Each structure stands twice: as structure tokens, then as C-alpha cells.
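Down below is the structure, laid out as C-alpha cells.
We did not get these values from a lab; they are worked out from the coordinates using the rules stated. Being a predicted model, the structure only gives us computed values, none of them experimental. Please note: Cβ atoms are built from the backbone with ideal geometry, for glycine as well, and neighbour counts cover all protein chains shown.
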Amino acid sequence: MGRHGAAHHQSEADGVPHSQRLRAILSLAQTRLASLIQEVWSHPRFGELYPEFLFAMYGVTVASAPAMRLAARCCAEAGNDDPLNEWLRDYYLEHAAEEEDHSEWILGDLGCLGVTRERVLGRLPYPSVTALVGSQYYWMQHVHPIAYLGFIAVLEAPAQMEFLREVSERTGIPLAFMSCHVRHAELDPGHVAEFDATLDSLPLTSEHRDQITVSAITTIGHLERVFTDILEHFERICHPVNAATIFTSGDAVLV
């Protein structure tokens, strides 16, 4: 049903909060994604793989604020079609402002690793990244902008500082070169709990919940492809001559 369809409130007789129901579903759906993420972080040549990881992250992060502003515009254009639209518009605009400079953090980390801004901006993004972000444009414009909450539910899970210190010690990558992860770990330690509390406070209908859940599951599927692409791309160019120069060698294959 489209965003202009009739909404039917879901009974909360079972007493299960929205966030608890969503997290239970996602915990079952994220098994393969969790394994792929672990494979990237624990890669024996992570020091060389890390720029590729950051490049993929940049493609997602640079689109976050524009996507949320578009979601807010979709809410405004829908007007009174849904009583949650006004709240959603304000929520997306507030979080778009918070996300505005995060892609610059990643460019800064890549710069510390010897990867110039020009090399990053001149390289085509992974198709899996464009599919991940592009699917949300479809959801918000042709279904309901509330679906973007499913995207946020999956992506807003920052690494912990203890984990980042372990990675730094194991790989030799200074924490200063991992500032995008460090800043999220320091600024957003309670971000998941805050998001879940917000979700639980909303008067969601069964239709809203379905839209958020399916969007989240779709996001997981796209992220699986992104992390698979990171690993596969690295393997294609990881012979001794090229592995450490993915970005900086003019002869290296970049897409």
C-alpha cells in the first residue's frame, strides 16, 4: 500500500515495544552481514585493506545528509496524509544537520593514509553503495519516508572504543587515522538506545512498522553486497606490488 493509503493501527496488546520487535527480527537477518563485517575488521592485511573500507564508507556517508533532507521534503509535500509527517520532517532535518560533516572526517582519515581528496572524488562508487542509498530514495518517494528509519536502525551502530584500540594495536593504524570511527564511538555511545526509545515513543501503525522493517531488511542485504565488494576488490588487486597502493598508484585498478 502506498503512503497515501489508509493506515490501520496495530494493537499493542502483546506489550512488545516497537524497537524490541524490530531488533529481534534484525538479529536473525544480520548473521551473514555480521560475519562479513568481522571478516573485514579482522583481515590479516587490514592495514592495506583499510583505505578500501573507508572509500566504501565515504560513498554511504556523503549521501546521508542529502537523503535525510529529501526525506524531510517528502514529509512536507505529503502534508497531512499522515500525522507523523511533521514529526518525521523535523527529525530528519535535525539529524541531517548532525551528519553534515561526517564525510569530511573520512576524507581526512584517507588523507592521513596518503589518499588525496581528488583520488577519492574521482573514483566511481561501488554499484552496491549506490544501490544501498538509491533504494532509500525509492522508499521515501514512492512508499513512505518513515521507511528511512529502517536504514538508520541498521547503520547507527558505532564501534566501541575498546574495539578500535584493539584494532589499532593489532594493525599499527594510529587511532588518529581512524577518527571517523573514533568520533562516532565517543559522540554516539548511546545512539542505538536513543533511537530505540524514540521509535518506541511513536504511535506507529502496522503499516508503518512493516515499512520500517522491510526497509531495514533490504538495507542489510545491500550492506552484505557492499562488504563483499570490499573484500573481493581487495583480493583482485592484492598482489604484493599493488596491494598497498590501491589509491596512490596510477596503474592500480580502481573500480
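What's the magnitude of the charge dipole for the stretch 152-198 around its Cα centre, counting Lys and Arg as +1 and Asp and Glu as -1 at the beta-carbon? Answer in Debye, nearest 20.
220 debye
With 10 angstrom as the radius, rank Val129, Val143, Val192 by how many other C-beta atoms surround their C-beta, starting from the fewest.
Val192, Val143, Val129
Test of understanding: express the Cα radius of gyration of the stretch 1-146 as a ratio to 2.2 N^0.38 Å, with N the residue count.
1.29
Through the Karplus equation 6.51 cos²θ - 1.76 cosθ + 1.60, θ set to phi - 60°, convert the phi angles of the stretch 203-213 into ³J(HN,Hα) values in whole Hz; use x for Gly and Pro.
Karplus values, whole Hz, x for Gly and Pro: x, 6, 8, 4, 5, 4, 5, 5, 5, 5, 5.
Assuming R0 = 25 Å, can you tell me the calculated FRET efficiency for the pair Cys112 and Ile25, based on Cβ-Cβ distance, to the nearest 0.05?
On the way: r = 38 Å, r/R0 = 1.54.
The calculated FRET efficiency here is 0.05.
Grab the alpha carbons of the stretch 30-81, take their convex hull, and tell me the volume per residue in Å³.
83 Å³
Using the Cα centre as the reference, give the magnitude of the dipole from point charges on the C-beta atoms of the stretch 18-240 (Lys, Arg: +1; Asp, Glu: -1; all else neutral), rounded to the nearest 20 debye.
Numbers: 16 positive and 31 negative charges, 126 e Å.
I would put it at about 600 debye.
What nm value, rounded to one decimal, do you get for the distance between Asn80 and Gln160 when each label is placed 7 Å out toward the C-beta?
If labels sit at Asn80 and Gln160, their model points lie 4.9 nm apart.
Rank the residues Cys75, Cys112, Cys180 as a footprinting-exposure proxy: fewest other Cβ atoms within 10 Å of their Cβ go first.
Ascending Cβ contact count within 10 Å gives the list Cys112, Cys180, Cys75.
Tell me the relative contact order for the stretch 25-110 as a rounded percent, counting alpha carbon contacts under 8 Å between residues six or more apart.
Taking the mean separation of contacting Cα pairs over the length of the stretch 25-110, I get 30 percent.
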